[in-house]
Amino acid sequence: MNGPAQQKRIELYGGDYEHTLTLGGDAASLTIDYNVLPTMEMFARMITRRAFEACEFSLANYILLKDGGADWLHAIPVFPNRSFRHNTLFVHAQSPLKAPAGLRGRRIGVEDYSMTAAVWVRGFLQEQYGVHWSELDWYCNAAHQRFPIPDGAKVTAVSADLEDMLVSGELDALISFGPRDERLPRAQRKLRRLIDDVENVEKVYFRSTGIYPINHCVVVRSDLLERMPEVPALLFDAYAMSKARAYGRRLGTTLVPWAKSNWTDVFEFFGGDPLPYGLTDQNRTVVEKLIGHLYEQKFIAKRWTPEALFVEGSAALRETRRTAGTSA
């Protein structure tokens with residue numbers, strides 16, 4: 001008589017998010033050891049050493065690898081990190097620049113030219129403000145350059161701190177997820193966001209395009225996929241259940257005043273789920289837009305379809321649990 005089936009175990013690496021808090025532990029027939037790492041470190045280790053059997057990964061970098069012929073990693077349509085990027089443009093507080101259209105011919109810093117956030121920024125600069133990436137002088141952190149620079153891009157690798165360069169006037173603008181300057185009292189800050197009323201600008205962008213930019217997906221190495229063909233579905237379900245639990249906890253509404261009503265408003269704005277997984281029509285639209293930006297920015301040689309980028313069977317992966325995001 002056969003004994004109970006042995007529990008399968010995988011090591012999974014990703015970011016530190018509320019919606020991934022319960023990924024670790026046993027889920028159905030799978031035990032997940034979830035390990036938190038800074039994303040820049042995680043991506044670099046995956047690209048240079050193929051260090052993880054499964055991990056969160058830059059969606060733009062994944063598409064670049066696949067376009068270059070990489071067959072050792074495969075994406076699952078789980079998107080744990082999404083952000084609007086209009087809010088990442090910073091200038092000196094005394095800068096004469098008043099809008100992104102004024103960036104033409106200017107010097108702009110970004111940690112890594114190939115990072116997904118930079119691809120999205122270049123995309124909306126061109127489409128919304130008429131500023132083409134080839135009209136800017138780009139300055140990047142030499143230590144974070146992951147891929148060759150496309151033809152036509154004017155990129156200088158520097159070792160100096162990019163935020164310091166903006167403060168000193170060596171740069172005209174900076175793409176940043178959160179400059180150190182923002183931690184200072186308002187009276188001491190030397191930087192400001194380039195776009196005024198940026199939250200409203202991002203809402204208008206979403207209403208007009210349907211795009212809430214995806215930054216990261218989840219990838220598995222080929223050896224894990226061969227050893228455990230069912231792993232895409234198992235990981236998809238684990239992420240979906242962890243997200244549903246996070247929506248049910250609503251921890252974001254417990255810390256500050258008025259957050260409860262804002263929580264409900266945000267979920268209504270996004271149709272009940274700000275972070276949908278799977279190759280839904282909405283997610284296809286976002287992925288296709290990113291592919292278009294990468295192609296136009298000369299990172300990739302062809303326009304991929306979402307189905308061709310994600311692991312076989314991805315179209316059938318669906319979230320079955322309704323979220324608790326808009327409950328009272």
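Only one entry in Y139, Y113, Y205 is touching a strand residue (DSSP E or B) at 6+ places or on another chain (Cβ under 8 Å), under 27 Å from T285 (Cβ atoms) and of a type in the set (F, W, Y), namely Y113.
Only a single item in (1) crowded, with 19+ Cβ neighbours inside 10 Å; (2) in a helix (DSSP H, G or I); (3) touching a strand residue (DSSP E or B) at 6+ places or on another chain (Cβ under 9 Å); (4) hydrophobic (A, V, I, L, M, F, W, C) is not met by F124, and it is number (3).
Out of the residues in the stretch 294-328 that are among the β-branched types (V, I, T), more than 20 Å from H74 (Cα to Cα) and surrounded by 12 or more Cβ atoms within 10 Å (Cβ to Cβ), state the one that is modelled with the lowest pLDDT.
The initial filter retains those residues of the stretch 294-328 that are among the β-branched types (V, I, T), namely 300, 305, 311, 320, 323, 326.
From what's left, more than 20 Å from H74 (Cα to Cα): 320, 323, 326.
Add one more test, that the residue is surrounded by 12 or more Cβ atoms within 10 Å (Cβ to Cβ), and what stays is 323, 326.
Numbers: T323: 48, T326: 43.
Restricting to residues being among the β-branched types (V, I, T), more than 20 Å from H74 (Cα to Cα) and surrounded by 12 or more Cβ atoms within 10 Å (Cβ to Cβ), the top hit is T326.
Total residues in the stretch 127-143 satisfying the condition of being more than 20 Å from V198 (Cβ to Cβ) and either outside any helix (DSSP H, G or I) or of a type in the set (G, A, S) (or both): the figure is 9. Scan the stretch 199-211 for residues that are touching a helix residue (DSSP H, G or I) at 6+ places or on another chain (Cβ under 6 Å), on the phi < 0 side of the Ramachandran plot and not acidic (D, E) and the total you get is 2.
If only residues of the stretch 94-115 that are under 14 Å from W133 (Cβ atoms) and basic (K, R) are counted, the one that is surrounded by the fewest Cβ atoms within 10 Å (Cβ to Cβ) is R104. The single condition from (1) surrounded by 22 or more Cβ atoms within 10 Å (Cβ to Cβ); (2) under 22 Å from the mean Cα position of the chain (by Cα); (3) closer than 27 Å to Y139 by Cβ; (4) not basic (K, R) that V91 fails is (2).
Consider the stretch 149-176. How many of its residues are exposed (fewer than 14 other Cβ atoms within 10 Å of the Cβ) and touching a residue at least 24 places away in the same chain (Cβ under 8 Å)? Explain how you work it out, then say what you get.
To start, the set of residues in the stretch 149-176 that are exposed (fewer than 14 other Cβ atoms within 10 Å of the Cβ) comprises 151-152, 154, 156, 159, 161, 164, 168-169.
Those still in the list that are touching a residue at least 24 places away in the same chain (Cβ under 8 Å) too: 151-152, 169.
So the count comes out to 3.
Any chance you could count how many residues in the stretch 144-172 are in a helix (DSSP H, G or I) and not small (G, A, S)?
Restricting attention to the stretch 144-172, the residues satisfying the condition of being in a helix (DSSP H, G or I) are 144, 162-168.
After this cut, where a residue has to be not small (G, A, S) as well, the list is 144, 162-167.
Final tally of qualifying residues: 7.
Considering the stretch 27-44, and only residues there that are modelled with pLDDT of 90 or more and outside any helix (DSSP H, G or I), the residue that is farthest from E111 (Cα to Cα) turns out to be T31. Condition check for D273 on (1) touching a residue at least 24 places away in the same chain (Cβ under 8 Å); (2) among the acidic types (D, E); (3) assigned by TED's automatic domain parsing to the domain that holds K98: one failure, at (3). Taking the criterion of being under 23 Å from A99 (Cβ atoms) and β-branched (V, I, T), the residues of the stretch 150-187 that qualify are V167, I175. Comparison of E268, E312 shows that the only residue that is of a type in the set (D, E, K, R) and either under 22 Å from G69 (Cα atoms) or touching a Lys or Arg at 6+ places or on another chain (Cβ under 9 Å) (or both) is E312. The sole residue among G68, G24 that is farther than 30 Å from E199 by Cβ and modelled with pLDDT under 95 is G24.
The values are calculated or read from the model by the stated rules, or taken from the named source; none is laboratory data. None of these values were measured; they are calculated from a predicted model. We place every Cβ from the backbone using ideal geometry, glycine too, and count neighbours over all the protein chains shown.
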